[in-house]
Amino acid sequence: MCRTNAFLPLSPLVSERGRTNSVPIGVLLIDAQAIYDPRLTNDRLLLGVKGTISEMEVATFRERAQSALMQMAQRGDLVRRVAIGYVRGANDRIEKDPDGRVRAAIDLIFRKFAELGSVRQVYFWLNQQQIQLPIVRGPEDA
């Protein structure tokens with residue numbers, strides 16, 4: 001919680017970034033354990049340590065979440081969104097889309113890629129022929 005946000009310049013010199021070096025005046029930071037005054041060296045040290053620990057906790061949480069996703073993927077349990085041309089069937093099995101138009105469009109893309117040899121060329125051909133491709137709309141679980 002800030003009481004005031006006034007700053008007192010330490011020197012008239014401007015730093016490399018174009019800002020005047022300054023320290024806060026009358027600013028107090030309050031958390032559940034204590035009240036900190038950034039003008040005091042010990043309080044600045046404690047705030048720095050708390051900030052570093054907080055960053056470490058966030059990084060650890062992110063690494064654990066990423067590890068859990070990798071484990072799910074290795075087990076075959078991770079399905080975020082089914083690719084266009086496929087649907088979720090019974091027991092979360094992934095099957096080809098029963099819609100014949102969707103299947104025909106996907107088959108056309110693969111045939112043209114085999115013929116032209118480049119995704120870029122397939123894109124230009126589809127655009128030139130004004131062929132509309134199936135898209136997925138809705139939440140990720142769709």
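With N the number of residues in segment 86-129, Rg(Cα) / (2.2 N^0.38 Å) evaluates to 1.44.
Sorting 103-114, 32-43 by average packing, meaning the other beta carbons within 10 Å per residue, from highest down gives 103-114, 32-43. Residues whose amide H lies under 5 Å from that of Tyr86, counting only those 5 or more places away or on a different chain, are Asp97; hydrogens are built 1.01 Å from N in the peptide plane.
Rounded to the nearest whole Hz, the Karplus-based 3J(HN,Hα) values (6.51 cos²θ - 1.76 cosθ + 1.60, θ = phi - 60°) of segment 36-44 follow the sequence 10, 10, x, 6, 8, 4, 4, 5, 4, with x at glycine and proline.
Here segment 59-99 yields Rg over Rh of 1.16, to two decimals, using C-alpha coordinates and the Kirkwood radius.
Since every read-out is calculated from the coordinates, none of them should be taken as a lab result. Because the structure is predicted, anything quoted here is derived from the model rather than measured. Note: ideal-geometry Cβ built from the backbone for every residue, glycine included; neighbour counts use all protein chains shown.
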